[in-house]
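Structure first, then comments.
The values are calculated or read from the model by the stated rules, or taken from the named source; none is laboratory data. Keep in mind that what you see is a predicted model, and the values were worked out from it rather than measured. Cβ sites come from the backbone with ideal geometry, for glycine too, and all protein chains shown count toward neighbours. Side chains included, ligands, DNA and RNA excluded: accessible areas come from the protein's heavy atoms. Shrake-Rupley method; radii C 1.70, N 1.55, O 1.52, S 1.80 Å.
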Amino acid sequence: MEGIHKVNTKCNLFLIGFMGSGKTTVANYLKETYRMDMVEMDLVISKREGKSISDIFALHGEEYFRGLETALLEEIQKKSGVVVSCGGGVPMRSVNVDAMGKSGRIVFLRASPETIYERVKDSHDRPLLEGNKNVAYISELLEKRREKYEAAADIFIETDGKKVSEIGEEIMHSLWALEHKNKNDNDGRI
Ligand code: S3P
């Protein structure tokens, strides 16, 4: 499949959002359609540690896991043209937001608590949701995190009820518009 948007895919693209907001599915679409490299942060961390994310949390604690996320982002910062499916907690640390902003654009995939619940209800690889898989808990945690997601993002995408291809193309269109705007702003500068 060929992407319809002509954008600069040299910069990195960081997909952020709550667990189950579709980051990995959309990252795969962009990888296939725009021939970008892709990093799924949880997958890389899990492979390197030789353990599931749940086991990393259980054996070493959440702070250890957060340290691995920050170290991985520092590595990614040196690359270009990579679409990154970030773990849902990544934008909670300002050092992570700085690292992402230095090498790319940050895209916030929004989804309602109901949609998120439907997507996560049968999975068991998200330690923060084990024993808490209900719409009320998801809403509460999402509210606590919303400000940080919004402050980090360059681009906001509503995902409820949309196909992955629509979301992917909306991202590329927004990226194109942002680049265009920046170019025009710069051209007008004296
Ligand atoms: C987390 C999200 C998970 C994973 C870990 C913690 C979070 O990733 O990194 O369970 O704090 O929101 P996904 O957003 O890919 O599920």
Fill in: Share of carbon and sulfur in the accessible heavy-atom surface of the range 56-182 [1.4 Å probe, %]
51
Item to complete: Report, in whole Å, the centroid distance computed from the Cα atoms of the range 44-76 and the range 155-177.
Response: 29
Worksheet item: Residue-wise, which Karplus ³J(HN,Hα) couplings in Hz belong to the range 111-122, taking 6.51 cos²θ - 1.76 cosθ + 1.60, θ = phi - 60°, and x for glycine or proline?
Response: 8, 6, x, 5, 5, 4, 4, 4, 7, 9, 4, 9
Fill in: Structure-based [θ]222 nm, the chain - -39500 (n - 2.57) summed over DSSP H runs of at least 4, per residue, nearest 500
-17500 deg cm²/dmol
Discussion item. Using a probe radius of 1.4 Å on heavy atoms only, what accessible surface per residue do you get for the chain? Whole Å² is fine.
Written reply: 52
Discussion item. Given an 8 Å cut-off on Cα distances and at least 6 residues of separation, report the relative contact order of the range 83-143 as a percent.
Written reply: 26
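Are there any GluC sites (Glu not before Pro) in the range 1-105 that are in a DSSP loop and have at most 14 other Cβ atoms within 10 Å? List them by number.
Numbers: sites: 2, 32, 40, 49, 62, 63, 69, 74, 75; in loops: 2.
For GluC sites (Glu not before Pro) across the range 1-105 that sit outside H, G, I, E and B with at most 14 neighbouring Cβ atoms in 10 Å, the list reads 2.
Please give the FRET efficiency for residue 162 paired with residue 43, using the beta carbon to beta carbon distance and R0 = 25 Å, rounded to the nearest 0.05. Walk me through the numbers before you get to the answer.
On the way: r = 24 Å, r/R0 = 0.96.
E(calc), rounded to 0.05, equals 0.55.
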Discussion item. Within 13 Å, Cβ to Cβ, of residue 95, how many net charges do the neighbouring residues add up to if Lys/Arg are +1 and Asp/Glu are -1?
Written reply: +1
Practice prompt. For the chain, give the magnitude of the charge dipole about the Cα centre (Cβ charges: +1 Lys/Arg, -1 Asp/Glu; no others), in debye to the nearest 20.
Written response: 420
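Two decimals, Cα atoms only, Kirkwood Rh: what is Rg/Rh over the chain? Spell out each step's value before the answer.
On the way: Rg = 16.6 Å, Rh = 17.2 Å.
That ratio equals 0.97.
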Worksheet item: Hey, which lysines would be in cross-link range of residue 148, C-alpha to C-alpha under 23 Å, not counting anything within fewer than 8 residues on its own chain?
Response: 23, 102, 133
